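Single-structure report; data block below.
All of the numbers you see were taken from the coordinates with simple rules; none came from a lab. No experiment lies behind these values; they were computed from the predicted model shown. Quick reminder, even Gly has a Cβ in these numbers, built from the backbone with ideal geometry, and neighbours come from all protein chains shown.
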Amino acid sequence: MKNFDIAFQRLNNQRLSSPDLKKAADVVHWLGAVQAQDYYGAKWALALRMHDATDQDLEKAFAAGEIVRTHVMRPTWHFVSPVDIRWLLKLTAPRVNAASSYNYRKLELDEAVFKRTNQAITKALLGGRQLTRETLRSAVQRAGVPTDDLLRFTHILLRAELDGVICSGARQDKQFTYALLDERVPETKAPSHDQALADLTRRYFTGHGPATLQDFAWWSGLTVKDANSGLDMVQRHLLKEVIDDKTYWRSAVSLPVKRASRVAYLLPAFDEYLISYKDRSAAVAGNNSKENVLFNSMIVIDGHVVGSWKRSLAEESVGITLNYFAPASKAERQLVADAADRYGAFLGLTVALV
C-alpha cells in the first residue's frame with residue numbers, strides 16, 4: 001500500500017468519496033469529533049461528507065443542538081455529538097487543562113477563581129438562557145472577577161467548557177452564544193474510562209484509517225501511553241499493515257473501496273483529512289509549496305493537495321480564487337470547477353472562478 005492507496009482509503013473512510021451520511025450528527029459521530037474553530041469552514045467540512053447538505057441545513061442542526069461546539073481534545077473547538085460530549089470531556093479535559101496550565105498561572109487563574117466564575121456563569125445561564133460572550137463577561141465581572149483582559153476571560157470560558165458547565169448555544173444573528181450543558185444536552189449513561197478510551201480509538205481508526213498510533217495521539221491530544229492502551233483494547237477489530245517501517249491501522253470492516261472517476265475537493269482550513277494526522281505525507285508528498293496545508297483551504301485531487309483556494313462573498317455570488325502549485329491540466333481544472341459548483345450549491349450562490 002503506497003501513499004496513493006493510503007490517501008485513497010482515507011478519502012473513503014472519512015466519507016469524502018462516499019458522502020452518503022444524512023445528518024450532521026452522523027458525520028460527527030462517525031469521525032468522533034470534527035475540528036471547528038473556523039465555524040464556517042467546519043460546516044462545509046461536514047457537508048462534504050453528507051448527501052446534498054446546504055449551509056442552512058448545517059446552521060439549523062447547530063441551532064437545534066444536534067451538534068455541539070466546544071473545546072475538547074486538543075485546546076481548540078470541535079463539533080461533537082451531544083451523546084458523546086460528556087465522556088469525551090471526561091477523557092480529554094485533563095490533557096487540555098495541562099496544556100493550558102501555564103496560561104492559567106500567568107493569568108492568575110486558580111481553582112478558587114474558577115469555582116467563582118463557574119458559579120457566576122451558571123447563575124447567568126440558568127433557566128435555558130443562551131447568552132453571548134460579552135453578556136457572560138459582564139456577569140462574571142459583576143461577580144467580582146476582573147475580565148478586562150480578554151485573554152483571561154477566554155480562559156475562564158475555556159475552563160467552564162472543560163468542566164462541563166457550558167457548551168454552545170444557538171447563534172444570535174452572527175454572534176455565538178453559550179448555554180448550560182446540563183440544560184442543552186440530556187444526561188446519558190457515562191461509560192467507564194476504558195470504555196471511553198476504546199470507543200474513541202475505534203472511531204478514529206474506523207473514520208480516519210489507515211493511520212498510525214502517533215497520528216491518533218496527535219489527533220486526540222492523549223499521551224502516547226493512553227493512545228497505546230486504547231489501541232491494545234481495540235486492535236482485534238483492526239487490520240495492521242507495515243509500510244516503510246511505519247505501522248498503520250484501519251478498521252477490519254472498512255467501507256467498500258470503489259475506484260470511481262477522478263474527483264476534486266475544495267477542503268476548508270483545518271479539515272479532518274489533513275489536520276487529523278501527525279504525518280501528512282500521504283496527501284502532500286511532492287508538494288513544494290510553502291503554504292501551510294492546515295491553516296489554508298486546500299484543493300485536493302485524487303487524495304493529493306495540488307493547490308489552495310480562497311473565497312470572497314457577494315450578495316448573490318461567491319468568488320473562488322484558485323492557486324495551483326503546479327500547472328493543472330484541462331481535465332483537472334474541470335474537476336475543480338465541478339467542486340466549486342458544489343460549494344456554490346452548498347451556499348445557494350452562483351460561483352465566479354478566478
Dimensions (Å) - the range 1-122, Cα atoms, principal axes, largest first: 50, 38, 23
Contour minus Cα-Cα distance for E291 and Q214 (0.36 nm per residue): 25.4 nm
Helix-only mean residue ellipticity at 222 nm for the chain, each DSSP H run of n ≥ 4 adding -39500 (n - 2.57), per residue, nearest 500: -14000 deg cm²/dmol
Cross-link partners of K90 among lysines (Cα-Cα below 26 Å; sequence separation of 8 or more within a chain): K23, K43, K106, K115, K123, K189, K225, K278
In nm, spacing of pseudo-spin labels at A252 and A345 (7 Å Cα→C-beta vector): 3.8 nm
Values of log10 I(q)/I(0), in the order q = 0.11 Å⁻¹, for the range 146-242 under a Debye, Cα-only, solvent-free model: -0.52
Rg to Rh, two decimals, where the range 195-354 supplies the alpha carbon set and Rh follows Kirkwood: 1.04
Label-point separation in nm, N103 to Q37, each point 7 Å along Cα→Cβ: 0.8 nm
Bins of 10 Å, starting at 0 and running to the largest distance - Cα pair percent for the chain: 5, 24, 31, 25, 13, 2, 0
Mean projected area in nm² (Cα convex hull; one quarter of hull surface) for the range 264-353: 5.7 nm²
Contour minus Cα-Cα distance for R142 and V263 (0.36 nm per residue): 38.1 nm
